[in-house]
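FYI, it's all coordinate maths here, none of it is from the lab. Everything numeric in this text was worked out from a predicted model, so none of it was measured. Cβ coordinates were reconstructed from backbone atoms using ideal geometry, including for glycine residues, and neighbour counts include every protein chain displayed.
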Amino acid sequence: MRLCLYNLYITFNAAKRSGVRKMLVSAQSILSGDVRTKDLPVTMDQMSLWRSGELIQKAMPDLSPIDRDFIKGIFEDELDQFWSRV
């Protein structure tokens, strides 16, 4: 399934890995446009909650702040590079 959230394209491919339901999430960077993929413990229900207005930290409480930013297209290394230039 491919969703478009705020001009970010996120692809979900649900599978059970290591006994934990995870999804391969591909997100496009808001800074560079690069697309990266991460295996994250999120569900479609959680994504739907977030898309309907729930705060991401409430909809996906098991994700770290870095992983929540990743879903929104904010990649930690690119953000560090951005702030080092400002």
Checklist (1) within 11 Å of residue 23 (Cβ to Cβ); (2) under 10 Å from the mean Cα position of the chain (by Cα); (3) touching a residue at least 40 places away in the same chain (Cβ under 8 Å) applied to residue 44, failing item: (2)
Would segment 33-42 turn up any residue that is acidic (Asp, Glu) and surrounded by 16 or more Cβ atoms within 10 Å (Cβ to Cβ)? no
Residues (over 20 Å from residue 24 (Cα atoms) and of a type in the set (Phe, Trp, Tyr)) located in segment 73-86: 82, 83
I'd like the full set of residues that are under 19 Å from residue 21 (Cβ atoms) and not charged (D, E, K, R), limited to segment 47-63. 47, 48, 49, 50, 56, 59, 60, 61, 63
Hey, residue 70 hits all of (1) under 15 Å from residue 24 (Cα atoms); (2) touching a residue at least 40 places away in the same chain (Cβ under 8 Å); (3) out of contact with any strand residue (DSSP E or B) (no Cβ under 7 Å at 6 or more places or on another chain) but one; which does it fall short on? (3)
Being of a type outside the set (A, V, I, L, M) and either part of a helix (DSSP H, G or I) or in contact with a Cys (Cβ under 6 Å, 6 or more places away or on another chain) (or both) is the filter here; which residues of segment 41-60 pass it? 45, 46, 48, 50, 51, 57, 58
Looking only at segment 64-86, decide whether some residue is assigned to a loop (DSSP other than H, G, I, E, B) and touching a Pro at 6+ places or on another chain (Cβ under 7 Å). no
The correct count of residues that are within 12 Å of the chain's Cα centre (by Cα) and either surrounded by 18 or more Cβ atoms within 10 Å (Cβ to Cβ) or of a type outside the set (Asp, Glu) (or both) in segment 68-86 is 7
Could you tell me whether residue 38 is within 11 Å of residue 71 (Cα to Cα), touching an Asp or Glu at 6+ places or on another chain (Cβ under 9 Å) and either among the basic types (Lys, Arg) or part of a loop (DSSP other than H, G, I, E, B) (or both)? yes
